[in-house]
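Throughout, read-outs are computed from the coordinates displayed, never taken from laboratory work. If you're wondering where the values come from, they're calculated on a predicted model, not measured in any experiment. We place every Cβ from the backbone using ideal geometry, glycine too, and count neighbours over all the protein chains shown.
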Amino acid sequence: MSRAEGIEDTGAVRVELCAPGVLHSLRLRVLRPGQPSSSVDHEHDYWPDTFHVGAFDTAGVAVACATFYPESSPAGRHGWRLRAMATAPEVRGKGYGARVLRRGIDEIRVRGGDFLWCNARK
């Protein structure tokens with residue numbers, strides 16, 4: 001992986017830092033089905049320290065994604081928050097979500113972070 005480029009080549013799937021807009025279609029399909037497309041475009045997507053990780057198939061289609069940004073946990077510990085993590089149903093169980101999460105954790109470490117938190121749903 002080239003840290004400068006933020007790209008990890010994992011064979012058939014590329015894992016890389018990316019702009020939020022390229023993840024909106026996947027977010028909408030997995031996290032907000034039936035809702036307007038505006039429901040997956042969040043203010044925190046554009047904060048200066050926010051970053052997005054996507055896993056893309058050979059056709060360049062996002063198959064997994066996650067967003068990370070600095071925010072204190074509910075307990076008050078300074079850290080990074082994980083939001084909008086999704087994996088396309090047709091590739092679940094293949095490790096793409098894990099690769100996205102690992103890439104995000106690596107980036108948090110590069111940025112000096114040591115604590116990641118999230119709220120989750122089934």
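Taking region 103-115 as the range and being in contact (Cβ under 8 Å) with a residue 60 or more places away in the chain and surrounded by fewer than 17 Cβ atoms within 10 Å (Cβ to Cβ) as the test, the residues that pass are VAL110, ARG111. Being closer than 16 Å to PRO70 by Cα, part of a helix (DSSP H, G or I) and either touching a helix residue (DSSP H, G or I) at 6+ places or on another chain (Cβ under 7 Å) or not charged (D, E, K, R) (or both) is the filter here, so list the residues in region 100-122 that pass it. The answer is LEU101, GLY104, ILE105, ILE108, VAL110.
Conditions tested, residue by residue: (1) at negative phi; (2) touching a strand residue (DSSP E or B) at 6+ places or on another chain (Cβ under 7 Å).
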| site | (1), (2) |
| --- | --- |
| ARG83 | yes, yes |
| THR87 | yes, yes |
| GLY95 | no, no |
| ARG99 | yes, yes |
| ARG102 | yes, no |
| ILE105 | yes, yes |
